[in-house]
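Beneath this line is the structure, given in structure tokens, with notes to follow.
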Amino acid sequence: LGATIPEHFAAVAQRFAAREAVVSLPQARRLTYSGLSQALDRLACGLLGLGFGKGDRIGVWSTNNIEWLLLQMATARIGAILVNINPAYRARELAYALQRSEVQCLFAIPSFRSSDYVAMLLELMPELDQDAEAGLECAEFPQLRRVVLYDPANPNDTARPHAGFTLWQEVLAAAHGILPGKLEEIGAALDIDDPINI
């Protein structure tokens, strides 16, 4: 097409602004193209506000949900690389994936079926039990700076299971420090051959 994913999506969103873009039946949520565009721009600005940008690797350990879609589009919007992590992984498989892909930020849901993601993360990263407002410092995963927890059933949840987790709402709040026009400036520097997924 000769356009980056953000450029192509912007053209589609402008043309079909009022039409539904995504419907998540399990979450009982719907977004129009306009709503999806606004939500992903806010998340993209939140990622920038936390210090992430082009070339950074942002993992997602989750089932399918609207937040996962937002992450895919928001990371592409800023030139970051989304690392998709199998939701069936156990702790050692997760550790291998994080180390090999050098993930710098991980988004995760609290649990999936019989898998307690919070417990597995604490097993691998006992540092998550400590306050990490300025960022995570983890011996086994030196690249990892943040672990963001979100609940697809309740994305506005503010319950923090342990002090070292960042919450979805805190990522969105970090968007307030980004100047208008910053996303367009970043978008102009993106190339269609930039990697966006591992």
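Inter-part distance, segment 49-86 to segment 5-47, computed on C-alpha centroids, equals 15 Å.
If amide hydrogens are placed 1.01 Å from N in the peptide plane, which non-local residues have theirs closer than 5 Å to the one on residue 22? Those lying under 5 Å, H to H, from residue 22 are 31.
Starting from 0.36 nm per residue, how many nanometres of slack lie between residue 140 and residue 91 once their C-alpha separation is accounted for? Could you put the intermediate results ahead of the total?
Values: separation 49, 0.36 × 49 = 17.64 nm, distance 1.29 nm.
Extra length from residue 140 to residue 91 when fully extended: 16.4 nm.
Bridge orientation summary for segment 20-168: considering DSSP beta bridges with both residues in this region, about 30 percent are antiparallel. For residue 111, the residues whose amide H sits under 5 Å from its own are 117, ignoring neighbours fewer than 5 places away on the same chain, with H placed 1.01 Å from N.
Largest first and in whole Å, what are the equivalent-ellipsoid semi-axes of segment 5-122 based on the Cα gyration tensor, each being the root of 5 times an eigenvalue?
Values: eigenvalues 145, 66, 20 Å².
Result for segment 5-122: semi-axes of 27, 18, 10 Å.
Only loop residues by DSSP count here, and only those with at most 15 other Cβ atoms within 10 Å; note down the GluC sites (Glu not before Pro) in segment 139-198 that meet that. Before the final figure, lay out the partial values.
Values: sites: 140, 170, 184, 185; in loops: 140.
Here the GluC sites (Glu not before Pro) that fit, given the DSSP loop and packing criteria, are 140.
Note on residue 131 and residue 19: with the Förster distance fixed at 45 Å, the Cβ-Cβ geometry gives a FRET efficiency of about 0.55. In the chain, Cα pairs under 8 Å separated by at least six residues give a relative contact order of 25 percent. Modelled spin-label separation between residue 169 and residue 30, with each label point placed 7 Å from Cα along the Cα-to-Cβ direction: 2.7 nm. Taking the accessible area of segment 37-127, probe 1.4 Å, and keeping the other protein chains in place, the carbon and sulfur fraction comes to 47%.
Rounded to whole numbers, the Karplus 3J(HN,Hα) couplings from phi for segment 34-51 are 5, x, 5, 4, 5, 5, 6, 5, 5, 5, 4, 5, x, 4, 4, x, 8, x Hz, using 6.51 cos²θ - 1.76 cosθ + 1.60 with θ = phi - 60°, and x at Gly and Pro. Once backbone amide H atoms are built at 1.01 Å from N, residue 147 has 106, 166 as its partners under 5 Å, excluding neighbours fewer than 5 places away on the same chain. Considering the chain at the alpha-carbon level, its Rg and Dmax are found to be 16.4, 48 Å. With each label modelled as a point 7 angstrom along the Cα→C-beta vector, the residue 119-residue 84 pair spans 2.8 nm.
Evaluate the charge dipole of the chain about its Cα centre and quote only its size in Debye, nearest 20, assuming +1 on the Cβ of each Lys and Arg and -1 on the Cβ of each Asp and Glu. Could you put the intermediate results ahead of the total?
Working: 16 positive and 23 negative charges, 119 e Å.
Charge dipole, the chain, about its Cα centre: 580 debye, nearest 20.
The values are calculated or read from the model by the stated rules, or taken from the named source; none is laboratory data. Please read all numbers here as calculations on a predicted model, not as lab measurements. Positions of Cβ are generated from backbone atoms using ideal geometry, with glycine treated the same way; all protein chains shown enter the neighbour counts. Keep in mind that these areas ignore ligands, DNA and RNA; they rest on the heavy atoms of the full protein, side chains included. Shrake-Rupley method; radii C 1.70, N 1.55, O 1.52, S 1.80 Å.
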